[in-house]
Amino acid sequence: MAKPTNDPFPDTAPPASTLALQAVAARAFRASALLTTKAVNVGRVADYVVWQQRTWNRVPKLFSRREKLWAAMAERLDPKRPLLVLEFGVAHGYATAQWLQLLGARRDVVWHGYDRFTGLPRAWDGHEAGAFDNGGVAPAIDDPRVQWHVGDVEDTLRPADVTGHADHQRLILFDLDIYEPTAFAWNVLGPALQPGDLMYFDEAMDADERRVLDELVLPQMTVEAVGSTSLALGLQVVTPARVPAAEPAVTAGA
């Protein structure tokens, strides 16, 4: 707060010391694009942490790598119930392979993987359209529990994929990166989720997935934060959706 003054035109600018530091930072950022990018990324991580604190009144447990967060989520899987996994955004199959290792020899697993396998449909977060292209083909994962759905999720996700396994615990892996397909997938599956089901958002730090969380997920149900990384977020459903999800249709630029 500015000190009282008799000056009829008081200066409300920050203190001179603050302005000096900001000027040093500005000169450094102008001199180095790399430093600027790193600073912007640090700011995004800080904003993500503040968002978590505001959402849960605490910062969830932090994991250094997503693989450790996955392991913590796997510990919450009920071995007495069959498991339905819906993976949205498969790319080259890294997450699929890692999760299958975590699940071991469990035979009661039904896995549906959805991806275009031709990369991003539009530019996103510094990546050009087509980034993460896998040549239009699914990863060479030979596992009878896994079924691939090749194409846009808006064309390949069927409500029966979600509702046809009412007795299964559900594990939902979101890694489509951009808002439109992620929102579509949520609008189809959200009403079917039950207490104990798990969700993973690979890019919760980014504006697109955060928008899905803020506008669709968090207003509809109560979730517990299992943990986070500097980018990702793991959740477990506490109470199911209180209101029906919106119509699945989501247009670009919505």
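Please treat every number below as a calculation from the coordinates, not as lab data. The structure presented is a predicted model; accordingly, all values stated were derived computationally and were not measured. Heads up, the Cβs are rebuilt from the backbone with ideal geometry, glycines too, and the neighbour counts pull from every protein chain shown.
Key figures for this structure:
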{"read-out": "Cα gyration tensor shape of region 46-119, rounded if a/c is under 1.5, else prolate or oblate by comparing a/b with b/c", "value": "oblate"}
{"read-out": "Tensor-based shape of region 120-254 (alpha-carbon gyration tensor, a/c under 1.5 rounded, otherwise prolate or oblate)", "value": "rounded"}
{"read-out": "9 Å beta-carbon shell around Leu100, net charge (K/R +1, D/E -1)", "value": "0"}
{"read-out": "0 to 90° range, to nearest 10: angle between helix 33-56 axis and the chain longest Cα axis", "value": "70"}
{"read-out": "Exposed GluC sites (Glu not before Pro) absent - longest run of the chain, DSSP non-H/G/I/E/B, at most 15 other C-beta within 10 Å", "value": "129-254"}
{"read-out": "Segment Asn6-Asp167, length gained on full extension (0.36 nm per residue, minus Cα span)", "value": "50.6 nm"}
{"read-out": "Whole-number percent relative contact order across the chain, with pairs defined as alpha carbons under 8 Å at least 6 apart", "value": "19"}
{"read-out": "Efficiency of FRET between Glu154 and Thr239 - r from beta-carbon atoms, R0 30 angstrom, step 0.05", "value": "0.60"}
{"read-out": "From the coordinates shown, Cα extents along the principal axes in Å corresponds to which of (1) 62, 41, 37; (2) 48, 41, 39; (3) 76, 40, 35", "value": "(3)"}
{"read-out": "Size of charge dipole - the chain - debye, nearest 20, with Cβ of Lys, Arg +1 and Asp, Glu -1, no other charges", "value": "940"}
{"read-out": "Between 0 and 90°, nearest 10: helix 179-189 axis offset from the chain longest Cα axis", "value": "40"}
{"read-out": "Between 0 and 90°, nearest 10: helix 16-31 axis offset from the chain longest Cα axis", "value": "50"}
